[in-house]
1. Which of the residues belonging to the range A:16-32 are open to solvent by 50 Å² or more (accessible area, probe 1.4 Å), over 18 Å from residue A:71 (Cα atoms) and among the aliphatic types (A, V, I, L, M)?
2. Quick check, is residue A:117 loosely packed, with under 15 Cβ neighbours inside 10 Å, at pLDDT 95 or above, out of contact with any Pro (no Cβ under 9 Å at 6 or more places or on another chain) and not in a helix (DSSP H, G or I)?
3. I'd like to know if the range B:87-103 contains one or more residues that are over 18 Å from residue A:94 (Cβ atoms), in contact with a helix residue (DSSP H, G or I) (Cβ under 7 Å, 6 or more places away or on another chain) and in a helix (DSSP H, G or I).
4. Can you tell me which residues in the range B:146-163 are open to solvent by 60 Å² or more (accessible area, probe 1.4 Å) and either over 28 Å from residue A:65 (Cα atoms) or of a type in the set (Val, Ile, Thr) (or both)?
5. Which pairs do you get when a residue that is over 29 Å from residue A:150 (Cβ atoms) and outside any strand (DSSP E or B), found in the range B:1-25, comes within reach of a residue that is at pLDDT 80 or above and open to solvent by less than 40 Å² (accessible area, probe 1.4 Å), reach meaning Cβ atoms under 6 angstrom, with the pair 6+ apart or on two chains?
6. From A:35, A:84, A:68, A:97, grab the single residue that is modelled with pLDDT of 95 or more, open to solvent by less than 30 Å² (accessible area, probe 1.4 Å) and either under 25 Å from residue A:180 (Cβ atoms) or polar (S, T, N, Q) (or both).
7. If residue B:143 passes every condition in (1) at pLDDT below 95; (2) buried (at least 17 other Cβ atoms within 10 Å of the Cβ) but one, which one does it miss?
8. Can you name every residue in the range A:185-203 that is open to solvent by 20 Å² or more (accessible area, probe 1.4 Å) and either more than 16 Å from the chain's Cα centre (by Cα) or of a type in the set (Val, Ile, Thr) (or both)?
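The values are calculated or read from the model by the stated rules, or taken from the named source; none is laboratory data. All figures in this text were calculated on a predicted structure; none of them were measured in a lab. Here the Cβ is made from the backbone with ideal geometry for all residues, glycine too, and neighbour counts use every protein chain on show. All accessible areas refer to the heavy atoms of the entire protein, side chains included, with ligands and DNA or RNA removed. Shrake-Rupley method; radii C 1.70, N 1.55, O 1.52, S 1.80 Å.
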2 protein chains.
Amino acid sequence: MTRADMKHGGMGIPPRLYLAGPDVFVPAPAARGAALRAVCARHGLAGVFPLDELDDGDDPAWHALPEAHRIARRNEAHIASCQALVANLTPFRGPSADAGTVFELGYMRALGRPVFGWSNSALPFAARTRAACAPHAAPAADGTWRDAEGLMLEDFPGMADNLMIDGAIAASGGVLVVRDVPAPSRWQDLAAFEACVAAAARLLRG
Amino acid sequence: MTRADMKHGGMGIPPRLYLAGPDVFVPAPAARGAALRAVCARHGLAGVFPLDELDDGDDPAWHALPEAHRIARRNEAHIASCQALVANLTPFRGPSADAGTVFELGYMRALGRPVFGWSNSALPFAARTRAACAPHAAPAADGTWRDAEGLMLEDFPGMADNLMIDGAIAASGGVLVVRDVPAPSRWQDLAAFEACVAAAARLLRG
């Protein structure tokens, strides 16, 4: 057994990479999942899309749950079955990434496995937040910016999103790739995603 | 040793509850932390606010990190030191909760400990999202609502936020308390928070 085999479980089984992101909301989510998986396969990884069926079948107790709760448990099980996670952090209906995606990033981080992020916005988080709060956000007497309700705007140099997100990715050994993609293509362009997958493959396949 | 002592570590040490939320951004965050801790103390719990110093001192390796990354690691250490987490899920600069708060909720959920949530908005997530995307969101031919970029609006009955959030809270044994608090008070009113803390105390102190 080679060292690379040992790192990804042996027998040539590709390491599994969970594909977190609002990609499940695009007009053709199954095709998007297939496109993301194809990129992973080119780098020797098995992409796991949130809409995938669970390999090991549902827990019978889940069937009594409302659909939304079944989906939540399935996604948690998918994450736990993967060796790493890549999150689409492109800003979603506000200055930050999609809430479900951020939840999943925190979940995988707590499992102690590497987390990666990509975003098709290169504007720093502080600038995005100011723009989102405009025209009501303004600097207070002490120089910190506050929104219309008086809540401070987080402003640390170089952050792509809330510091828990950037911090977790760096601490886990992952990378965060941002690209300036114009709005019409920001939910289609996969260049930043592929850069992330390549980095994940280097880490997981050695 | 009584059964209650055993459940919270014995010797009368109160169970620790991590206080996730954008409360760190209010104009007087130290006073807010003290107010939240006082509620916890009334229910026999020790509230841990994100801005608290770490009891066991910083890891020396952290000192070389940028401040934002040190804060992220400190918060992760605080969460790991607690028996449960209560998240302020009041919508924050968009239809969903604060991204840092949601990350922390996912982190604690993956540790297998109970997570609780409170929100001072009682409007369901689907209605909040439609309002946030107005006037550009509209129902497509198949009846699903899509935003201006064609991304679907999540619409499951009874969800207070993204399904990963509601799902995790329910699956962990926690509760999600929502109250309709008018905008001027929504970052001050602690009634929903106290209801959450009381539920956490019942679970943790038996």
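1. Across the range A:16-32, the qualifying residues are A:28, A:31.
2. No: the conditions fail for residue A:117.
3. Checking the range B:87-103: not a single residue is over 18 Å from residue A:94 (Cβ atoms), in contact with a helix residue (DSSP H, G or I) (Cβ under 7 Å, 6 or more places away or on another chain) and in a helix (DSSP H, G or I).
4. Correct list: B:148, B:149.
5. Short answer, once both residue conditions are applied: B:8/B:15; B:14/B:44; B:14/B:45; B:14/B:46; B:15/B:45; B:15/B:204.
6. Going through A:35, A:84, A:68, A:97 in turn, just one is modelled with pLDDT of 95 or more, open to solvent by less than 30 Å² (accessible area, probe 1.4 Å) and either under 25 Å from residue A:180 (Cβ atoms) or polar (S, T, N, Q) (or both): A:97.
7. The number of the failed condition is (2).
8. Result: A:185, A:202, A:203.
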